[in-house]
Structures are given as C-alpha cells and as structure tokens.
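Written below as structure tokens is the structure these notes are about.
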Amino acid sequence: MNCTRAILCGGLLLASTLGFAQTVVRIAPPPPVRVGVVGVAPGPGYVWVGGYQRWNGTGYVWVAGKWVRPPRAGVIWVSPRWVKSGGGWVFYKGYWR
C-alpha cells in the first residue's frame, strides 16, 4: 500500500470512528462541477439535486444530478461539496436541512 492510499484509509477510518462520513483526498483538487441543461421537473414538488465529483479510491467520478422529491415539506437541499483542508480536500455529503 503506498503512502497516499495509507493516508486516505487512515482518514476514512478516523472519520468513521468519529461518527460522521467524509472522504479525505490528498492527491489533487476535484475537477470543476459539470454544467448542463437541467430540463423540466417530472412533476409538481420535485427539486433538482445537482451532480458532484465523487472519489472512488483511485480518481474522481462524476455523479449526475437528478430530480427528486424532498422527504418532507419545507426542507432545503444542501449540496455536497469539497473543502480544502490542510494538504488535501475533504468531501461533505449533501443533505436535507
């Protein structure tokens, strides 16, 4: 196991023991978010949840956006995001607030 992979695994283990899920990548920043046509909602009450770059252990993979129905009325989608932290990048999952 190379040093980068060991650091990544250690960060994931630490995050899981602290009770929250996050990904720490110490290789390169994520590519920019892709821009495209969203289209029309499939029905009333749907919200567009934008795509994001996911780390799969060896590189970034684009996860396409989609139309979803919120779990309950009045909630707002907080998009997933990458935040620069120290010598790497930390991924925070999206969630309903």
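List the pairs whose first member sits in segment 23-35 and is assigned to a loop (DSSP other than H, G, I, E, B), whose second member is of a type in the set (A, V, I, L, M, F, W, C) and modelled with pLDDT under 85, and whose Cβ atoms are under 9 Å apart, counting only residues at least 6 apart or on separate chains?
Arg26/Ile7; Arg26/Leu8; Ile27/Leu8
Can you find, within segment 55-76, the residue that is surrounded by the most Cβ atoms within 10 Å (Cβ to Cβ) among those that are hydrophobic (A, V, I, L, M, F, W, C) and in a loop (DSSP other than H, G, I, E, B)?
Restricting to residues being hydrophobic (A, V, I, L, M, F, W, C) and in a loop (DSSP other than H, G, I, E, B), the top hit is Val75.
Working only within segment 1-56, note down all residues that are among the basic types (Lys, Arg) and modelled with pLDDT of 85 or more.
Selection gives Arg34, Arg54.
The values are calculated or read from the model by the stated rules, or taken from the named source; none is laboratory data. Predicted, not measured: the structure shown is a model, and the values here were computed from it. Cβ atoms come from the backbone with ideal geometry, glycine included; neighbour counts cover every protein chain shown.
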